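Only one structure is covered here, and it is reproduced in the block below.
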Amino acid sequence: MLPGIFSFLKRLGFFSILVLSLVALSCSGAPEKAAQSGSGASAGEGVDRLSVEELAAMPKIDAHTHISGLALEEEAPFFAKLAEHNMKWLTICTRGMNWPRMQKMTDLAERLHPLYPEQVAWAASFNLSNWGHPDWEQAALQTLRSGFEQGAVAVKVWKEIGMELKDPDSSYVMIDDPRFDPLFDFIESRGKTLVAHIGEPRNCWLPLDSMTANNDRKYFAENPKYHACLHPEIPHYWKQIAARDNVLKKHPGLRVVGCHLGSLEFDVDTLARRLDEYPNFAVDMAARICHFQVQDREKVRNFMLKYQDRLLYGTDLAISAGSPKGASLEETLKTIEETYRKDYRYFATDEEMSVWEVNGPFRGLDLPKETLKKMFYENAEKWYPGI
Ligand SMILES: [Zn+2]
């Protein structure tokens with residue numbers, strides 16, 4: 001076991017707001033053979049645009065966030081900040097191998113959702129700390145049943161499946177393990193969505209000097225024990241992707257949202273092939289927008305136009321204010337503000353920009369209004385019914 005291996009997501013960078021970003025790169029060298037990316041219509045003259053201020057004012061959903069701590073006195077300023085951006089948060093409860101932590105997050109989500117139904121939706125998860133016990137399946141189903149009764153719109157599975165959870169014979173348990181099928185069938189039967197963070201960014205399996213984003217390079221330089229490239233016992237990147245794809249294949253009626261660009265952040269063509277092959281698959285872009293910014297701008301833009309019904313805006317912003325290790329509320333609100341402003345500029349304008357994760361400047365994508373409305377709002381409603 002590699003206890004704690006996944007706590008590496010914590011506090012990236014300066015703010016301890018746990019922008020659970022980074023993570024995941026996947027290893028192994030050569031990308032799959034590139035396929036054609038679609039060429040979407042280019043937004044030209046006469047196509048409606050949104051200014052940054054108009055986008056800020058429009059109703060939006062951040063489809064990947066984590067509320068892991070929020071003191072009572074912090075609720076008003078936090079929700080005022082979301083209101084400033086007309087933003088609703090889908091808070092995702094996660095980490096079944098740390099059941100007490102997840103129960104705490106779940107309790108918080110169940111408390112906040114009815115109090116702030118216009119600003120908080122939530123995704124449940126289930127216990128993995130009792131994996132292998134005879135009643136594991138029934139207990140997990142009961143947790144999901146209870147979560148749905150409390151308004152959960154989705155169920156999260158996390159990379160601990162595939163990279164940490166093991167059977168007694170020391171083999172890693174992968175996400176397409178048949179023991180998960182009854183849960184997936186149940187989620188589908190209740191009309192809910194599976195939200196899946198499986199694997200890691202491909203950079204996690206690459207040497208530091210081959211990584212494509214500075215946040216990944218910095219993190220794994222500082223945390224070699226989490227750098228899968230140095231740990232060949234962890235199933236390879238493409239095994240993680242294949243297992244996730246197998247779930248999509250085995251459960252064609254199950255809606256699946258792949259977190260972090262479905263862990264295929266390094267190449268939009270590779271991601272496009274999955275979207276073509278699995279109509280039940282969409283992705284959020286949480287903490288991976290910088291991976292768009294290191295790819296060819298026109299290629300990324302065409303990809304976003306072609307797959308504009310399958311892409312959900314998300315950030316992986318987290319609030320842990322109120323917990324001893326958390327950022328101050330002030331730091332958290334500042335990070336929220338900066339993250340959203342930066343993203344509005346990138347998607348809505350063609351201005352030259354720079355961010356610390358990416359070497360050198362790049363230009364915003366200047367996406368049409370209709371595409372922005374889908375990405376920032378309508379797709380979340382479609383892929384997470386009831387959100
Ligand atoms: Zn996350």
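For the chain, the relative contact order comes to 26 percent (Cα pairs under 8 Å, sequence separation of at least 6). For the peptides 260-269, 212-221, residues were scored by their other Cβ atoms within 10 Å and the scores averaged per peptide; the highest-first order is 260-269, 212-221. Sorting 98-104, 329-335, 167-173 by their mean Cβ neighbour count within 10 Å, with the most densely packed peptide first, gives 329-335, 98-104, 167-173. Couplings 3J(HN,Hα) for segment 237-244, derived from phi with the Karplus relation 6.51 cos²θ - 1.76 cosθ + 1.60 (θ = phi - 60°), are 3, 6, 5, 5, 5, 5, 5, 5 Hz, where x marks Gly and Pro. Working note: Karplus 6.51/-1.76/1.60 with θ = phi - 60° gives segment 63-74 the couplings 7, 8, 9, 9, 9, 10, x, 7, 6, 3, 6, 8 Hz, where Gly and Pro are set to x. When the convex hull of its Cα atoms is viewed from all sides, segment 165-224 shows a mean projected area of 6.2 nm². Figure legend: label point modelled 7 angstrom from the Cα of Glu330 along Cα→Cβ; residues of segment 64-93 with amide N under 20 Å from it are 70-82.
Rounded, prolate or oblate for segment 228-387? Axes are the square roots of the Cα gyration tensor eigenvalues, ordered a ≥ b ≥ c, and the cut-off for rounded is a/c under 1.5. Here segment 228-387 falls in the rounded category.
Over the residues of the chain, the helix contribution to mean residue ellipticity at 222 nm works out to -10500 deg cm²/dmol, using -39500 (n - 2.57) for each DSSP H run of at least 4. Distant-in-sequence amide contacts of Thr91, defined by a placed amide H-H separation under 5 Å and a gap of 5 or more residues or a different chain, comprise Ala121, Trp122, Ala123.
Divide the volume of the convex hull of the Cα atoms of segment 98-239 by its number of residues and quote the answer in cubic angstrom per residue.
Here the figure is 142 Å³ per residue.
Here segment 245-298 has an Rg and Dmax of 11.6, 35 Å, counting Cα atoms alone.
Principal axis analysis of the Cα atoms in the chain yields extents of 62, 50, 41 Å, listed in decreasing size. What is the Cα centroid distance between segment 220-239 and segment 63-114, reported in whole angstrom? Cα centres, segment 220-239 to segment 63-114: 30 Å.
Under a 5 Å amide H cut-off, with hydrogens placed 1.01 Å from N, Lys156 pairs with Ala124, Ser125, Val195 among residues at least 5 apart or on other chains. Amide H contacts for Arg255 (H built 1.01 Å from N in the peptide plane; partners 5 or more residues away or on another chain; cut-off under 5 Å): Leu194.
The ratio of the alpha-carbon radius of gyration of segment 187-277 to the globular-protein estimate 2.2 N^0.38 Å is 1.21. Using R0 = 41 Å, the C-beta based FRET efficiency linking Asn246 and Leu208 works out to 0.85. Taking label positions 7 Å along the Cα-Cβ direction at both His133 and Gln150, the computed distance is 1.8 nm, reported to one decimal. Could you please state, rounded to a whole Å, how far the C-alpha centre of segment 124-148 is from the C-alpha centre of segment 299-378? The two parts, judged by their Cα centres, are 34 Å apart.
By the rule of a C-alpha distance below 17 Å, with chain neighbours fewer than 8 residues away ignored, the aspartates and glutamates paired with Lys250 are Asp176, Asp177, Asp181, Asp185, Glu188, Asp276, Glu277.
Working note: Karplus 6.51/-1.76/1.60 with θ = phi - 60° gives segment 300-306 the couplings 5, 5, 4, 4, 5, 5, 5 Hz, where Gly and Pro are set to x.
Let me check I have the definition right: for segment 74-182, take the eigenvalues of the Cα gyration tensor, multiply each by 5, take square roots. What are those semi-axes in whole Å, largest first?
Square roots of five times the eigenvalues give 31, 14, 11 Å.
Over 30 Å between Cα atoms, which of Lys104/Lys249; Lys225/Lys306; Lys81/Lys369; Lys104/Lys369; Lys225/Lys342; Lys104/Lys382 qualify? Table pairs above 30 Å Cα-Cα are Lys104/Lys249; Lys225/Lys306; Lys104/Lys369; Lys225/Lys342. The modelled label-to-label distance between Asp296 and Asp185, using points 7 Å beyond Cα along the C-beta direction, is 4.6 nm. Shape index of segment 130-190: Rg/Rh, with Rg the Cα radius of gyration and Rh the Kirkwood radius from the inverse mean 1/r over Cα pairs, equals 0.98.
Determine, from the Cβ-Cβ distance of Asn359 and Glu53 and an R0 of 25 Å, the FRET efficiency 1/(1 + (r/R0)^6), rounded to the nearest 0.05. Computed FRET efficiency for Asn359 and Glu53 comes out at 0.25. Size estimate for segment 305-382 follows the Kirkwood approach: the inverse of mean 1/r over distinct Cα pairs works out to 14.3 Å.
Read-outs: derived from the displayed coordinates by stated rules, not from any lab. Since we're looking at a predicted model, the values are computed, not measured. No Cβ is skipped: glycine too gets one built from the backbone with ideal geometry, and neighbour counts run over all protein chains shown.
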